[in-house]
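As structure tokens, the structure follows; a few thoughts come after it.
The values are calculated or read from the model by the stated rules, or taken from the named source; none is laboratory data. What you see is a predicted model, and the numbers here were worked out from it, not measured in a lab. Every residue, glycine among them, receives a Cβ derived from its backbone with ideal geometry; neighbour counts consider all protein chains shown. Protein only, heavy atoms only, side chains kept; ligands, DNA and RNA dropped before computing areas. Shrake-Rupley method; radii C 1.70, N 1.55, O 1.52, S 1.80 Å.
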Amino acid sequence: MSAANTHYNGKDFAEWQKEWALEDRYNFRTIEKKWQKIWEDEKVYRAEVDKNKEKFYLLVEFPYPSGVGLHVGHPRSYTALDAVARKKRMQGYNVLYPMGFDAFGLPAENYAVKTGIHPAVSTKQNIANYKRQLKSLGFSFDWDRCIETCDPEYYKWTQWMFLKFFEKGLAYKAKIPINWCPSCKVGLANEEVVDGKCERCGAEVERKDKEQWMIAITKYADRLIDDLDELNFIDRVKTQQINWIGRSQGAELDFDFADEKLRVFTTRPDTAFGVTYMVMAPEHPFVAKYMDRFENKDEVWAYVAEAAKKSDLQRTAGDEKTGVELKGIKARNPYNGQMIPVFISDYVLTGYGTGAIMAVPAHDQRDYDFAKAFNLPIVQVLEGGDISQQAWEEDGAHINSEFLNGMNKEDGMRAAIDYAVKNGFGQAKVNFKLRDWVFSRQRYWGEPIPMVYCEHCGWQPLPESELPLELPEVTDFLPNDDGSSPLAKATDWVNTVCPKCGGKARRETDVMPNWAGSSWYFLRYCDPHNDKEFASKEALDYWMNVDWYNGGMEHTTLHLLYSRFWHKFLYDCGCVSTKEPYKKRTSHGMILAANGEKMSKSRGNVVNPDEIVENFGADTFRLYEMFIGPFDQAAMWSEESLMGVYRFVGKIYSLFKKVSKSKPTEKDLRAMHKCILEVDERIETMKFNTAVSSLMTYVNYLSSMDEIPQEMYEVLLKILSPFAPHIAEEMWARLGYDKTIVNEKWPEGDRKLAEDNVVTLAVQICGKMRGTIEMPKDSPKEEVEKKALQLENVARQIEGCNIKKIIVVPNRIVNIVV
RNA sequence: GCGGGCGUGGUGAAAUUGGUAGACACGUCAGACUUAGGAUCUGAUGGCGCAAGUCAUGGGGGUUCAAGUCCCUUCGCCCGCACCA
């Protein structure tokens, strides 16, 4: 055995073999620690650019290193893609499978408020703990590429990218009503509000006008939808993103109102002859502007004030429509010249479209409800339904619509828009539900926004040479009551000079949201130590795109959407050469406690991965997480089932004693090739639970043998190694190999050898099972029929019956119809 | 309300996509063994029946030689979006 270039660190192989001879029991503790150290010392999983090899980039969402440590849910997806990574490596791919830490965020800051420990310190400790835990599970991450988003060497480039957004006009500061969490004292993006509540703490979100940095993600709305077509994302993800972006095509139309035009957005301009009134949002600028001309001014005021007090949640709570007519001013329908009343009502949203609508109660249920409540006329303009009962929202030929009469929807839409264009009161328009990304957070533990405000020059970007703009030291991490960031208190840091005129200036004190760093981390993995650029073109061109990205469904409209957008922006800047970052996106299900509840500290039902590793070993843990159930579905933790997997691993260990120089029979080879083919396919299709079943079936087969041909055991170790790398590596070494199994060639399953030459066919009479017959594979139909009819059971049952026909499904079934 | 998914033994689940329902495990029962180890091994295990059989994939109906799988209908659960004009 050559000591050099082997994975034994110079230790004498014979010495090890002596040790092994003494070990009768499966001692996972020593085995696993030993191999983890060897893998790490010899950098077995290191990924380098190698243009002669085809690359494969696998990505799992990097964790936020919380104080409680790794959750048993994390390893589910890490193990799954680790299995894929290991298999791909054995198949000759140059695999990049990196890991890092999404390390900025609120919990570290809250912890600092409570304990006074600086977020940088607690984060560092947490990362060390996470690393230890991840390493104890034997993942094949290239730890040399580990990144941390809170590292100035990393966030330097996050800031650099922000400056790009600013340079291209996509980052802008605006005073807009934002979602404000009164408990976290922080503004939230729309994506972070769930059911009107703060995604993080559950407090009801308020509306607050605040100056915020915004990023114009809406400019990419069309592309974010259209480019999904080419991607291999699971459908759930695609449809959720499409729904979230919410594209609707229609038209903007101007109605005359007082001395100006009241503009509305509608998806059905062809129903304009059915408009019987209009509605503006209470916040619509015309309401305040024309207040003095309304005859019922007091009533209008009261309604506006009432609406302002309500949260979004309260406004959408009731089913009943409320509102007030703006008496004294009527609007004029440009299609037919009709004068119609105008209302304000909070069922019209200020943030969508133009904040005003034309109401067509006959064909929109919401308008219908409002019309009924306020006794307004309902004019049907599309055929169908029963307007006396409810609005007719389906299609139908146009009626009562002058030049549109008789047309279908498509023609009617075109004609209505043409007419509006010709007469100068409207045009086609596409609208989105997606809002621009609120990018400011009034917090400490995030990337400082590299902008400076000068009285004379306005907002100025920091020059690139001043990056990274590091976080200043502060002692008080509490957000201020006025809603400003803790950074505002670091006056030395805040007061600076204008990069343009050199005059007095102040730094931006808000920081970026925690979604910033994760929006481009997959690019940094390609070239993590580069201090000249965020990643070299060479590295990016070689490694990108990510071939397979797995992560949680909860990030579909957050991280996944943001990072696709961010990447597209970098593409437009010429910084990356692919339009999309991820080729394939899959998603794992949650791991729940044994009773089906979510694991949480407060419920006291959290399973600690450390304990599982300590008591059963990493291999058992990994195999169990794969075996627990379908990968994309929620699964319940069960220690009993874990024991079953533990037994399985122990069995593999003890089978070693039976390995011999004997030759496999045809039947043995069949079992072996069947298993190879199944495991291979089931890894690719993410059916990890049944892949493990296949391995179990094969191990059961081996157990029943008196002697196990070495070839059969070696194949087992190879196809087992993606799931249980430690024991595979250990037994591989014990077979006498002095090179790691990691780079062994993945076995090829032979379909011919895997096929049975004798098949069992079910014999049915009128579809009911009556028995089985064994036949050579692909026996001619006649023989099958003959043998089936000879079956005692069959002969007895069909006695005295007419055989109508016999259906033979080759190698499967004989069905005798009487 | 709209969109997506699901419903199979005592339990977690399989089922080559229309072809022997319950693979693989857990649990349970019976037996063997003992270097007492979260032991191991062997066998049984959907219900009813001594058996031949028969009933079983949420319920009802249909298509088919054949349905967990396709169609209609109904009930129940989960997830996402939600007054988006």
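Could you grab the Rg to Rh ratio for chain A? Cα atoms only, Kirkwood for Rh.
1.06
Given the DSSP H assignment, sum -39500 (n - 2.57) over each helix run of at least 4 residues in chain A and divide by its residue total; what's the result at 222 nm in deg cm²/dmol, nearest 500?
Mean residue ellipticity, 222 nm, calculated: -10500 deg cm²/dmol.
Please identify every one of the GluC sites (Glu not before Pro) in the range A:407-464 that sits in a loop by DSSP and has no more than 12 other beta carbons within 10 Å of its own beta carbon.
Hits after loop and neighbour filter: A:GLU455.
Say each of A:VAL68 and A:ALA428 gets a label point 7 Å from the Cα, pointing the same way as Cα to Cβ; how far apart are those two points in nm?
Going by the 7 Å Cα→Cβ label model, 5.2 nm.
Given R₀ = 51 Å, what would the calculated FRET efficiency be for A:LYS208 paired with A:LYS261, taking r from the Cβ atoms and rounding to 0.05?
0.95
GluC sites (Glu not before Pro) within the range A:654-733: which are DSSP loop residues with at most 15 other Cβ atoms inside 10 Å?
For GluC sites (Glu not before Pro) across the range A:654-733 that sit outside H, G, I, E and B with at most 15 neighbouring Cβ atoms in 10 Å, the list reads A:GLU707.
Rolling a 1.4 Å sphere over the protein heavy atoms, what is the accessible area per residue of chain A, to the nearest Å²?
45
On C-alpha positions alone, give me the angle between the axis of helix A:688-703 and the longest principal axis of chain A, in degrees, nearest 10.
In chain A, helix A:688-703 runs at an angle near 10 degrees to the longest axis.
Ratio of the range A:496-574's C-alpha Rg to 2.2 N^0.38 Å, to two decimals?
Cα-based Rg divided by the globular estimate yields 1.43.
Strictly greater than 24 Å: what percent of every Cα pair in the range A:318-426 meets that?
Looking at the range A:318-426, the distances longer than 24 Å represent 30 percent of pairs.
In degrees, nearest 10, range 0 to 90: what is the angle between the Cα axis of helix A:618-627 and the longest Cα principal axis of chain A?
The answer is roughly 70 degrees.
Dividing the convex hull volume of the Cα atoms of the range A:257-301 by its residue count, what figure in Å³ per residue is obtained?
That works out to 100 Å³ per residue.
Once you place label points 7 Å from the Cα toward the Cβ at A:MET590 and A:ARG223, how far apart are they in nm?
Computed distance between label sites A:MET590 and A:ARG223 equals 3.5 nm.
Please report, as a whole percent, how much of the solvent-accessible surface of chain A comes from carbon and sulfur atoms (probe radius 1.4 Å).
The computed percentage sits at 48.
Within a Cβ distance under 14 Å of A:LEU642, other residues only, what is the Lys/Arg minus Asp/Glu net charge?
Residues near A:LEU642 contribute -3 overall.
Report Rg/Rh for the range A:264-332, rounded to two decimals, where Rg is the Cα radius of gyration and Rh the Kirkwood radius.
0.99
Assuming a ≥ b ≥ c are the square roots of the Cα gyration tensor eigenvalues, decide whether the range A:180-315 counts as rounded (a/c under 1.5), prolate (otherwise, with a/b larger than b/c) or oblate.
Oblate, since a/c reaches 1.5 and b/c is not below a/b.
If you stretched the chain out fully between A:ASP531 and A:ALA120, how much longer would it get, using 0.36 nm times the residue separation minus the C-alpha to C-alpha distance?
Working it through step by step, the gained length comes to 145.8 nm.
Could you give the alpha-carbon Rg of the range A:520-622 over 2.2 N^0.38 Å, rounded to two decimals?
1.47
Within the set A:LYS53/A:LYS131; A:LYS88/A:LYS219; A:LYS37/A:LYS579, which residue pairs have Cα atoms separated by over 31 Å?
A:LYS88/A:LYS219; A:LYS37/A:LYS579
For A:SER602 and A:GLN390, compute 0.36 nm times the residue count separating them, minus their Cα-Cα distance, and round to one decimal in nm.
The span from A:SER602 to A:GLN390 would gain 71.5 nm if fully extended.
Given the options A:VAL72, A:PHE688, A:PRO182, identify the residue whose Cα lies farthest towards the positive end of the charge dipole of chain A (+1 on Cβ of Lys, Arg; -1 on Cβ of Asp, Glu).
Sorting the options by dipole projection puts first A:PHE688.
Can you tell me how the range A:635-700 classifies by the Cα gyration tensor, rounded, prolate or oblate, using a/c under 1.5 as the rounded cut?
oblate
Taking the convex hull of the Cα atoms, report for the range A:727-803 its projected area averaged over all directions, in nm².
8.9
For A:ALA691, what is the net charge nearby, where nearby means another residue's Cβ is under 9 Å from its Cβ and Lys, Arg count +1, Asp, Glu -1?
Combined, the nearby Lys, Arg, Asp and Glu give -1.
Restricting to chain A, compute how many DSSP beta bridges are antiparallel as a %, nearest 5.
Beta bridges within chain A, antiparallel portion: roughly 75 percent.
Any idea how far the Cα center of the range A:507-539 sits from the one of the range A:627-687, in Å?
41
Return the FRET efficiency for the residue pair A:LEU313, A:ASP476: r is the Cβ-Cβ distance, R0 is 51 Å, and the value is rounded to the nearest 0.05.
0.95
Taking the Cβ of A:GLY323 as the center, what net charge do the other residues with Cβ under 13 Å away carry, scoring Lys and Arg +1 and Asp and Glu -1?
Local charge sum for A:GLY323: -2.
Can you give the convex hull volume of the alpha carbon atoms of the range A:62-175 per residue, in Å³?
It comes to 158 Å³ per residue, whole-number rounded.
For an R0 of 35 angstrom, estimate the FRET efficiency from the Cβ-Cβ distance between A:SER662 and A:GLU153 and round to the nearest 0.05.
Working from the Cβ atoms, E equals 0.05.
Mind pulling the per residue volume of the convex hull built on the Cα atoms of the range A:677-772? Å³ is fine.
Value for the range A:677-772: 148 Å³ per residue.
Could you sort out which of A:LYS674/A:LYS745; A:LYS327/A:LYS433; A:LYS33/A:LYS739 sit more than 21 Å apart by Cα distance in this structure?
Correct reply: A:LYS327/A:LYS433.
Starting from the Cα of A:VAL818, step 7 Å along the direction of its Cβ; do the same at A:GLU774; then give the gap between the two resulting points in nm.
Placing both labels 7 Å beyond Cα along the Cβ direction yields 2.7 nm.
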